[in-house]
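Note sheet for the following structure.
The values are calculated or read from the model by the stated rules, or taken from the named source; none is laboratory data. Treat the numbers as computed from the prediction; the structure is a model and nothing was measured. Every residue, glycine among them, receives a Cβ derived from its backbone with ideal geometry; neighbour counts consider all protein chains shown. When the accessible area is computed, the model is the full protein with side chains, heavy atoms only, and any ligands, DNA or RNA have been set aside. Shrake-Rupley method; radii C 1.70, N 1.55, O 1.52, S 1.80 Å.
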Amino acid sequence: MPTPDALVGPLLAWYAQVARDLPWRRTSDPYAIWISEIMLQQTQVKTVMSYWHRWMCRFPTVRALAKANFQDVLKSWEGLGYYARARNLHRAARIMVRKHSGALPRGYRELIALPGIGRYTAGAICSIAFNQPEPILDGNVIRVLTRIFAIDRNPRETQTNQLLWELARRLVERAPRVPHPPPRPCSDLNQALMELGATVCAPRQPNCPICPVRRECTAYRTGRTAELPRPSSRPQTLSRRVLAFVISRNGRFLLKKRPARSINAHLWEFPNLEAGDTNFDLETMAKRCVGFRPRALRPLCSLNHTITHFRIHVDVFLGAMNKPLPRTSVSVRWCTLGQVDELPLPNAHRRIAERLGALLKNAGATNVNRVGRSLVEREL
Ligand code: SF4
């Protein structure tokens with residue numbers, strides 16, 4: 001079995017030479033590193049770059065984030081998905097102000113007690129920001145370790161997962177003790193493991209000839225890189241059909257806020273409901289969805305999107321409302337398109353708003369944000 005000594009030195013030397021120049025690697029600010037780690041969960045580096053820069057301008061410190069309006073926080077997260085991450089960042093920042101003098105705590109136990117910070121994130125902050133010998137284990141590190149040590153079991157299974165954490169711990173604990181360690185050996189070692197998985201030890205066709213640990217890697221030496229890691233069973237993808245209604249009245253459009261504790265909680269969206277597989281009466285469904293029978297329904301567009309293991313097809317309909325505008329409330333608003341732009345919307349509903357904006361522009365509106373009498377209604 002490869003020893004930590006044989007792996008850690010080559011990994012640190014390799015990382016010193018080839019580490020990508022990522023903006024959050026140029027700072028030692030724990031807050032900036034925390035934000036990058038949360039954004040990078042479920043999201044690719046190239047997408048995170050622009051979001052991270054914007055976020056750091058808008059909320060440069062824990063205190064700035066804690067003070068921010070939650071809707072502004074959600075708006076800054078719009079497009080990244082998995083909005084619970086933004087909610088937890090905001091909650092955790094407020095706790096840090098109350099309990100930790102407005103800074104990230106340095107201790108693993110204090111970190112993992114915060115909302116949205118699990119074992120991986122606590123380890124990443126401890127090691128990357130504070131250079132502590134805490135292990136990390138994400139998808140990239142799992143792939144690297146299962147190949148180096150030829151672990152031929154489902155890495156998500158409890159015992160195997162514990163073994164992987166233990167191997168990651170042995171490596172990071174060894175980092176400060178190699179000859180001539182870099183100034184921040186624990187930080188570099190953990191980032192080297194992630195970097196290797198992200199850039200060399202790819203899920204398919206790893207680039208083993210350039211790998212710094214190929215001589216130690218059991219999978220490479222035994223020709224088993226394609227077999228490892230063992231794929232874990234994924235939940236089956238399920239199809240869903242949803243109807244969405246863009247209801248206009250006096251140049252404004254009806255939007256509703258999603259309830260707390262739902263997917264995309266607290267984001268705004270055009271009213272919508274599950275259509276199921278069976279035939280349905282569109283007007284009845286519209287009434288059930290918006291609470292009144294809209295006038296002259298007609299199709300606006302269709303779109304597909306995916307949330308977790310659901311593949312969702314959305315049919316969007318335009319309609320108008322005859323009656324006076326009902327009062328707005330905390331969860332219902334009638335908005336101009338300009339106001340829709342300022343609200344945090346899930347991706348699918350942002351796309352609907354863009355289609356609506358394009359329709360209004362094509363119809364000749366000079367200022368779609370001030371559509372006095374909605375072109376949609378005029379058309380209807
Ligand atoms: Fe991955 Fe190949 Fe390196 Fe082994 S030798 S760690 S399989 S890239």
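Name the shape class, rounded, prolate or oblate, that the alpha-carbon gyration tensor gives for segment 86-245, where a ≥ b ≥ c are the square roots of its eigenvalues, rounded holds for a/c under 1.5, and otherwise prolate holds if a/b is larger than b/c and oblate otherwise. Cα axes put segment 86-245 in the oblate bin.
A 1.4 Å probe run over the chain, with the rest of the protein chains in place, finds 50 Å² accessible per residue. Here each label is just a point 7 Å from Cα along the line to Cβ, and for VAL330 and ARG240 those points are 2.4 nm apart. The angle between the Cα long axis of helix 45-58 and the main principal axis of the chain comes to about 70°, on a 0 to 90 degree scale. Computed from the Cβ-Cβ distance with R0 of 25 Å, the FRET efficiency linking ASN161 to THR222 stands at 0.65.
For segment 195-294, the Cβ-based charge dipole about the Cα centre amounts to some 220 debye (Lys, Arg positive; Asp, Glu negative; other atoms uncharged).
Rounded, prolate or oblate, given the Cα gyration tensor of segment 1-136, with a/c below 1.5 counting as rounded? Cα axes put segment 1-136 in the prolate bin. Between ASN207 and THR284, residue separation times 0.36 nm minus the direct Cα-Cα distance comes to 22.0 nm. Applying a threshold of 20 Å to the alpha-carbon distances of LYS75/LYS257; LYS99/LYS257; LYS46/LYS256; LYS256/LYS323; LYS287/LYS323 flags LYS99/LYS257; LYS46/LYS256 as lying beyond it.
Where only DSSP H runs of four or more residues are counted, the chain gives -12500 deg cm²/dmol as its mean residue ellipticity at 222 nm, each run worth -39500 (n - 2.57). Taking 0.36 nm per residue of separation and subtracting the Cα-Cα distance, full extension of the segment from HIS309 to GLN42 would add 94.8 nm.
When the alpha carbon coordinates of the chain are projected onto the principal axes, the ranges are 77, 48, 36 Å, largest first.
Give the angle, between 0 and 90 degrees and rounded to the nearest 10, that separates the Cα long axis of helix 158-174 from the longest principal axis of the Cα atoms of the chain. On a 0 to 90 degree scale, this one is about 60. Across PHE253, PHE280, the residue with the most accessible area heads the list, and the full order at a 1.4 Å probe is PHE280, PHE253.
Computed from Cα atoms, the angle from the helix 139-148 axis to the main principal axis of the chain rounds to 30 degrees. With a Förster radius of 30 Å, plug the Cβ-Cβ distance of ASP21 and ARG170 into 1/(1 + (r/R0)^6) and report the FRET value to the nearest 0.05. Efficiency computed from Cβ-Cβ geometry: 0.55. Taking LYS257, LYS287, LYS67 in turn, the Gaussian network model of the chain (Cα-Cα springs below 10 Å) assigns the largest fluctuation to LYS287. Other residues lying with their Cβ under 15 Å from the Cβ of ARG143 contribute a combined charge of +3, Lys and Arg counting +1, Asp and Glu -1.
Distance between the C-alpha centres of segment 103-125 and segment 224-263: 29 Å, rounded to the whole angstrom. Distance from the Cα centroid of segment 134-207 to that of segment 32-88 is 26 Å (rounded to whole angstrom). Exposure check, 1.4 Å probe, all protein chains in place: ARG311 carries approximately 130 Å² of accessible surface.
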